[in-house]
Amino acid sequence: MTGRPHGRSIVVATRNPHKLDELAAILPGVELEPLPESVTLPPEDGETFAENALAKARAAHRQTGRAVVADDSGIAADALGGRPGVRSARYAGEAAGDEENLALLLDEVGAADDRSVAYVCAIAYVDGDGAETLREGRCEGTLADRPRGEGGFGYDPAFVPDDIDDGRTMAELSAAEKHAISHRGRAARAIAAAIEAGVAL
């Protein structure tokens, strides 16, 4: 791998503005660009977060010839055998939004004794020459009984991270607090370190 893109920005292979904003906040020293409208991303039909992240990064690199970073992430509930997992973004259906997905998760976990959950994120980087790097981040937590907080997105209002000892959900943390412990923050910092060091997949 050729290392970091000297004097060049990195395209972020996502249509989710929340993810782009989070990555920009986590990596303030990296110039990130939104995905061009002309780029077509593949369906997220992989069996793992890593497969989906790599597929999106490869597709965007092929179509732009640029350095690209892509992620796939979601929540895994122990009581549901790891679901929703890679289907987190469309758990309640292909057209479902964050509130519907969260409502379904809360309903399915219900009064289960085990409310352990984990956020998982895989981030793939494909440099301008096509060399690949992949890193993963994880944040363990507990599912709250109801949504709380106005920040974040996705399942954040019901995700109580183990790293915070006052019982707040991800949606009740400041942006800085969230980025310091989140799955995406950990994966993004790991990928940035790998890019800096020139370590390939």
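Where a number appears in this text, it was derived from the coordinates with a stated rule and is not lab data. No experiment lies behind these values; they were computed from the predicted model shown. Here Cβ is always computed from backbone atoms with ideal geometry, including for glycine, and neighbour counts include all displayed protein chains.
Among Phe159, Phe153, which comes first, then next, by fewest other beta-carbon atoms within 10 Å?
Working: Phe159 27, Phe153 15.
Sorted ascending by nearby Cβ count, the order is Phe153, Phe159.
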Computed from these coordinates, which is mean projected area of the Cα convex hull in nm²: [x] 12.3; [y] 19.1; [z] 10.7?
[z]
Counting Lys and Arg as +1 and Asp and Glu as -1, what is the net charge of the other residues whose Cβ lies under 14 Å from the Cβ of Pro161?
-1
Helix 183-197 sits at what angle to the longest principal axis of the chain, using alpha carbons and giving 0 to 90 degrees rounded to 10?
20
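Among the trypsin sites (Lys or Arg not before Pro) within the range 1-89, which fall in a DSSP loop and have no more than 13 other Cβ atoms within 10 Å of their own Cβ? Could you put the intermediate results ahead of the total?
Numbers: sites: Arg8, Arg15, Lys19, Lys56, Arg58, Arg62, Arg66, Arg87; in loops: Arg8, Arg15, Arg66.
When the trypsin sites (Lys or Arg not before Pro) of the range 1-89 are filtered for loop state and at most 13 Cβ neighbours within 10 Å, Arg8, Arg15 remain.
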Hey, fewest Cβ within 10 Å first, where do Thr133, Thr14, Thr40 land in order?
Thr40, Thr14, Thr133
Taking alpha-carbon centroids only, the range 26-105 lies from the range 166-185 a number of Å equal to 20
Here the net charge surrounding His183, from other residues whose Cβ is less than 13 Å away from its Cβ (Lys, Arg +1; Asp, Glu -1), is -1
Looking at the chain, send over the antiparallel percent of its DSSP beta bridges, to the nearest 5.
85
Going residue by residue through the range 132-142, the Karplus relation 6.51 cos²θ - 1.76 cosθ + 1.60 with θ = phi - 60° gives ³J(HN,Hα) values, rounded to whole Hz and with x marking Gly or Pro, of 10, 9, 9, 9, 10, x, 9, 9, 8, x, 10
Toward the positive end of the charge dipole of the chain, about the Cα centre and with charges on Cβ (Lys, Arg +1; Asp, Glu -1), which of Gln63, Ser182, Ala193 goes farthest?
Gln63
Loop sites only, by DSSP: take the GluC sites (Glu not before Pro) in the chain that have at most 16 other C-beta atoms within 10 Å and name the longest stretch containing none of them.
95-149
Along the range 41-54, what does the Karplus equation 6.51 cos²θ - 1.76 cosθ + 1.60 (θ = phi - 60°) give for ³J(HN,Hα), rounded to whole Hz, x for Gly and Pro?
8, x, x, 7, 10, x, 7, 9, 4, 4, 4, 5, 4, 5
